[in-house]
Amino acid sequence: MRLTRRNLLVTTAATAAAQEAPQATPSKPAAKPATQPGWPGSCRTFRGEALREIAFPLGGIGTGTVSLGGRGELRDWEIFNRPNKGGVLPLTFTALRLAGGGLAKPVIRVLERRPHPPFTGQSGVPRETALGLPRFREAVFTGAYPFAHIRFQQPGFPVDVALETFNPMVPLETDDSGLPVALFTYSLTSRATAPLEAALAFSIMNAAGYDGTTRLRTRRAACFGQNLNELRIDKDVRGLFLSTQKYARDSVRYGSMAVLTTAEDVTARLEWEHGAWWDEFQKWWDEFADRGRFSGAPSKPSEEGATEYATLAAHVPLKPGETKNILFVLAWHFPSTENYWNREKEHFGKPLRNWYGSRFSSAWEPAAYAARNLSRLRRRSERYRDLLHGSTLPPPVIDAVSSQASILRTNTLMVMENKLTLAFEGCNDNAGCCPMNCTHVYNYEQTLAHLYPDLERSMRETDFLVNLRDDGSMSFRTPVPLRQGGNRNLPAADGQMGCVMKVYREWRLSGDDAWLRKLWPQVKRALEYAFLQWDADRDGVMEGEQHNTYDIEFYGPNSMMGTMYLGALAAGARMARYLGETAAAAAYEKLLRQGSASLDQTLWNGEYYVQKTDLKPPKAAKYQYGPGCLSDQLLGQWFAEVVDLGKLLPHEHIRATLQSIMRYNFRTSFEDFPNTQRLYAMNDEAGLLLCSWPKGGRPALPMVYSDEVWTGIEYQVAAHLIYEGMVKDGLAIVKAVRDRYDGVRRNPWNEIECGHHYARAMSSWSLLTALSGFAYSAPERSLRFRPRQPGDQFRCLFSTGTSWGGYSQIRAVGKLEARIAVEGGALDLALLRLQYTGARPRLSASFKGVVKLEGDEALVRPLTPLRLKPGDTVRLTLSEA
């Protein structure tokens, strides 16, 4: 076609419509902004420029997600079993049409804020997301995972419009938390003085068959063909079912999507009319603008290399001052994951059945289930949100704990058939990063273990029943498909010792003795492999080649590997003694005592622990840290605090080391800091360096990543500071992280390390356990709370391996009032340990029990052990006798 000025200046009615909407006359004044009714006060709110980077992941555990952008747009379509940053489905949006109410003509708005500059592109602003249609002038986004709320703002608009969206998320309830759905409830409140007719139209591309990576700009792509759009009407739900007939059921491209509503009056366009140029969009606009309803004509399978768009419209009348809520449920079903990360010829590209795909036969089923159970799913998810966000924890801590739980919904975590849990370290833009179940990275993750322990236990079973080799070494990555002995790589010293501690954590939270006995022989072999490889002289100190989470090997004793070893010995001793293996327990305990003394004597420099580098191996000439101050140097001690193993090194040296890490590694600005490595904090931002050399001696080629800032390590150090009572310093680190993820610079729901949604950031859960002093031992039926933040009143969420709920207390001189309320599961309680500063406490409780003072803790024992079920509450008061 010859290029002419006319061709370049083609315009459409859709573009012309992007003018200010006529006002309803007369209208009521706009409502003043307010906090969302029923939402706790700690929720984070964004507007203006801070909306730019927001992408709020919506989806179930192991199902992938689509993200809600800060403006209200759907972005990052990652429901196709792989990451897809920046991926959009063309002409997928929700639009509102209003008529009546004194309007001179119908008004249409896409339910999004208008886009932020720049408005560039080789052909102008890209049109595939319908940016040429009118939008709202401003939006206010409030997020409290798993809920997001957007209030759209437009002066003189006839209705107040808001959106609430969420995906079900309930601790311990993996099935309901693993639904492949996103629920959108649009709220319309009339400000007109006469009745209005509203039509809310959800338009979507049928993306069944999509490969998840091709950049889509139109409905045409090689992966499409024979896509079919249908309107389904059940007695209580109705909507679009979008499928493909091109692929067999066992193909990685096979699947379906659904959009349904509970609205009673619906119309649909199942296929946009085709034509040249922008005809199909123009005709859609004309029909919606002129009639406000769609014909509902049936669709036929699409041609090869193309798919179809479809629209579902809900129609509601609005009286003056009336509010109507309209629900749309978006669901997907892509049951086979492509093994794209295993490059072995016999496995590359092969389908792997995922868990949710085996639960449902199509997208319609989870969509209908979510709609029919909306009230219960919302109520249970709200309870989790409100116990966390309604706690007395500092807002940055709540934000860190809540936001990073969203990682469980992303493609970082996969749940395969039979609930086999497989996890990347994070997500690159179009593929998972660093497969699979990396033992040393997942040392830091605490969120999954506390919220969905059944999935965490699956990872332990893979570690010890699949990846452990005949010699006792463990593959620190999991090959897929699984094979005995795992990959042919070096064992990771920190990862292998951490897995021993993780088994102890899982058993301690669940009390599942049979599970422990099943794994124990392999756990023992994994622990004692250290005697062959890393501690041949049996002095309790790791030496030799120690592969670790920095993707290098440390040579010579260092406290990072050393405390992980000591922690594994401590955990191993406790498990061995419980199982009646007293000789093994005594041997581990003896080695623990020797190692603690030797490590402290060898590595303590008066302020912190250093590495005593063994320079004999040629590879030790670079990438060591020697006299440096490593932020991770007490990693094993932090883990020991989380699982209540006690002190592994002299307490005064632990405290001094943490103070040194804060003094030397925490920076309030990076403006004058040279960094040739990866950049996660810069300019005027604050953050914690991985390593520094305050006394000199920085190697010419230092430990890799040393000048970087990783949020997972920042949260680990912050939690450890809090465990040791240095709350102010710990909170300063947490605030620095969350300030960096402010919506302007970065997405608050996507902390990045080696990839998006990086698993290490789930160390943030330990901030909750540190501030609350939470510890639970299911075998002992013992629960402890020891709040470490100032104030007489304290409230928090708790989650064990068998229950979850809320804890609250009020302190006064010589008096403590406490309350435990169980929301889910079952809590067995034979001992309650609470900090008490009075003398000779007297117990008044909702159960019969006795109390004894031990140090500054009151030990409360029910005369008969309690089993608390959902809805059960215990109350007690301790006061001086």
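The values are calculated or read from the model by the stated rules, or taken from the named source; none is laboratory data. Predicted model, so just to flag it, every value in this text is computed and none were measured. We place every Cβ from the backbone using ideal geometry, glycine too, and count neighbours over all the protein chains shown. Only protein heavy atoms, including side chains, enter the accessible area calculation; ligands, DNA and RNA are left aside. Shrake-Rupley method; radii C 1.70, N 1.55, O 1.52, S 1.80 Å.
I need the fraction of alpha carbon pairs in region 673-759 separated by more than 18 Å, rounded to a whole percent.
Details: 1783 of 3741 pairs.
Beyond 18 Å sits 48 percent of the P(r) for region 673-759.
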**Prompt:** Order of 452-459, 150-157 by packing, highest average Cβ count within 10 Å first?
**Reply:** 452-459, 150-157
**Fill in**
In the structure shown, of Lys815/Lys869; Lys612/Lys735; Lys235/Lys319, the pairs separated by more than 31 angstrom at the C-alpha atoms are Lys612/Lys735
**Item:** Qualifying trypsin sites (Lys or Arg not before Pro) in region 532-610, DSSP loop, other Cβ atoms within 10 Å at most 10
**Value:** none
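Roughly how many percent of the accessible protein surface of region 704-807 is carbon and sulfur, given a 1.4 Å probe and a whole-percent answer? Each step should come with its number before you reach the end.
Working: 1100 of 2270 Å².
Of the solvent-accessible surface of region 704-807, carbon and sulfur hold 49 percent.
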**Fill in**
For region 647-698 the mean separation of alpha carbon contacts under 8 Å (6+ apart) over residue count, i.e. relative contact order in percent, is 35 percent
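At 10 °C and 1.306 mPa s, what whole-number value in µm²/s does Stokes-Einstein give for the translational diffusion of region 178-255, with Rh from the Kirkwood sum over Cα pairs? List each step's numbers first, then the result.
Numbers: Rh = 15.9 Å.
Translational diffusion coefficient: 100 µm²/s.
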**Prompt:** Computed over the Cα atoms of the chain, what is the convex hull's projected area averaged over all directions, in nm²?
**Reply:** 39.4 nm²
**Asked** What is the percent of Cα-Cα separations in region 404-515 that go past 18 Å?
**Response** 46 percent
**Request:** Enumerate by residue number the trypsin sites (Lys or Arg not before Pro) in region 790-846 meeting two conditions: DSSP loop (anything except H, G, I, E, B), and at most 10 other Cβ atoms within 10 Å of the site's Cβ.
**Result:** none
**Prompt:** What percentage of the solvent-accessible surface of region 319-386, computed with a 1.4 Å probe over protein heavy atoms, is contributed by carbon and sulfur atoms?
**Reply:** 48 percent
**Prompt:** When you count, for each residue, the other Cβ atoms within 10 Å and take the mean per peptide, how do 366-373, 870-877 rank with the highest first?
**Reply:** 366-373, 870-877
**Request:** Find the percent of Cα-Cα distances in region 817-881 that exceed 16 Å, and round it to a whole number.
**Result:** 42 percent
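In deg cm²/dmol and to the nearest 500, what is the mean residue ellipticity at 222 nm of the chain if only DSSP H runs of at least 4 residues count, each as -39500 (n - 2.57), divided by the residue total?
Only helices count here, giving -7500 deg cm²/dmol.
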**Request:** Quick one: dipole size for region 650-719, taken about the Cα centre, charges +1 on Lys/Arg Cβ and -1 on Asp/Glu Cβ, in debye to the nearest 20.
**Result:** 300 debye
**Asked** Over the alpha carbons of region 368-425, what is the largest minus smallest coordinate on each principal axis, giving the biggest first in Å?
**Response** 39, 35, 14
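What is the dipole size for region 777-849, taken about its Cα centre, with +1 at each Lys and Arg Cβ and -1 at each Asp and Glu Cβ, in debye to the nearest 20?
Numbers: 12 positive and 5 negative charges, 70 e Å.
So the magnitude is around 340 debye.
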**Prompt:** Quick one: helix 582-603 against the long Cα principal axis of the chain, what's the angle to the nearest 10°, folded into 0 to 90?
**Reply:** 90 degrees
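Per residue, how many Å² of accessible area does region 689-731 show with a 1.4 Å probe? Show your work: numbers first, answer last.
On the way: 1200 Å² over 43 residues.
So region 689-731 comes to 28 Å² accessible per residue, rounded to a whole number.
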**Asked** Along region 358-373, what does the Karplus equation 6.51 cos²θ - 1.76 cosθ + 1.60 (θ = phi - 60°) give for ³J(HN,Hα), rounded to whole Hz, x for Gly and Pro?
**Response** 7, 7, 10, 9, 7, 5, 5, 5, x, 5, 5, 4, 5, 5, 6, 10
**Prompt:** Within straight cross-link reach of Lys616, meaning Cα distance under 13 Å, which aspartates and glutamates are found once same-chain residues fewer than 8 apart are removed?
**Reply:** Glu543, Glu545
**Request:** Could you state the angle between the C-alpha long axis of helix 374-389 and the longest principal axis of the C-alpha atoms of the chain, as a value from 0 to 90 degrees rounded to the nearest 10?
**Result:** 50 degrees
**Prompt:** When the Debye formula is applied to the Cα atoms of region 273-361, each taken as the same point scatterer, what base-10 log of I(q)/I(0) results at q = 0.24 Å⁻¹?
**Reply:** -1.24
**Request:** Using the Cα centre as the reference, give the magnitude of the dipole from point charges on the C-beta atoms of the chain (Lys, Arg: +1; Asp, Glu: -1; all else neutral), rounded to the nearest 20 debye.
**Result:** 1500 debye
**Prompt:** Just going by the charge dipole of region 717-845, with Lys and Arg at +1 and Asp and Glu at -1 on Cβ, which of Pro790, Ile733, Phe774 is farthest out on the positive end?
**Reply:** Pro790
**Prompt:** What list of ³J(HN,Hα) couplings, whole Hz, do you get for region 333-344 from phi and the Karplus terms 6.51, -1.76, 1.60, once you set θ to phi - 60° and write x for glycine and proline?
**Reply:** 8, 10, x, 10, 8, 7, 7, 8, 8, 8, 7, 5
**Complete:** Whole-Å distance linking the alpha carbon centroid of region 459-479 with that of region 379-438 is 24 Å
**Asked** Taking only Cα atoms, what is the 0 to 90° angle, nearest 10, from helix 513-533's long axis to the longest principal axis of the chain?
**Response** 60 degrees
**Message:** Placing +1 on the Cβ of each Lys and Arg and -1 on the Cβ of each Asp and Glu in region 77-118, which of Leu91, Leu111, Ile79 has its Cα farthest towards the positive end of the resulting dipole?
**Reply:** Leu111
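Over region 348-469, give the accessible area per residue in Å² for a 1.4 Å probe, as an integer. Write down the numbers at each step before the final one.
Numbers: 2990 Å² over 122 residues.
Heavy-atom SASA per residue in region 348-469 reads 25 Å².
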**Message:** Based on alpha-carbon centroids, what's the gap between region 665-683 and region 103-123 in Å, whole number please?
**Reply:** 38 Å
**Asked** So what are the ³J(HN,Hα) numbers for region 867-881, from phi and the Karplus equation (6.51, -1.76, 1.60; θ = phi - 60°), rounded to whole Hz, Gly and Pro as x?
**Response** 10, 9, 10, x, x, 7, 9, 10, 10, 8, 10, 10, 9, 5, 5
**Complete:** Ranking Ser660, Phe476, Trp277 by how far each Cα lies towards the positive end of the charge dipole of the chain (+1 on Lys and Arg Cβ, -1 on Asp and Glu Cβ), the top one is Trp277
**Item:** Accessible surface of region 136-270, 1.4 Å probe, proportion on carbon and sulfur as whole %
**Value:** 47 percent
**Item:** Cα convex hull of region 210-332, projected area averaged across orientations, nm²
**Value:** 9.3 nm²
**Asked** Could you give the alpha-carbon Rg of region 242-294 over 2.2 N^0.38 Å, rounded to two decimals?
**Response** 1.54
**Prompt:** Hey, can you rank 77-90, 197-210 by average C-beta count inside 10 Å, highest first?
**Reply:** 197-210, 77-90
**Sparse-neighbour loop sites [GluC sites (Glu not before Pro); region 655-758; at most 15 other C-beta within 10 Å; DSSP]** = Glu671
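Take the alpha-carbon positions of region 632-671, form their convex hull, and give its projected area averaged over all directions (one quarter of the hull surface) in nm².
Taking the Cα atoms of region 632-671, their convex hull projects to 3.3 nm² on average.
Based on the alpha-carbon gyration tensor of region 111-168 and its eigenvalue square roots a ≥ b ≥ c, which shape applies: rounded if a/c is under 1.5, prolate if not and a/b is larger than b/c, or oblate? Before the final figure, lay out each step's value.
Working: a/c = 2.58, a/b = 1.51, b/c = 1.71.
Judged from the Cα gyration tensor, region 111-168 comes out oblate (a/c at least 1.5, b/c at or above a/b).
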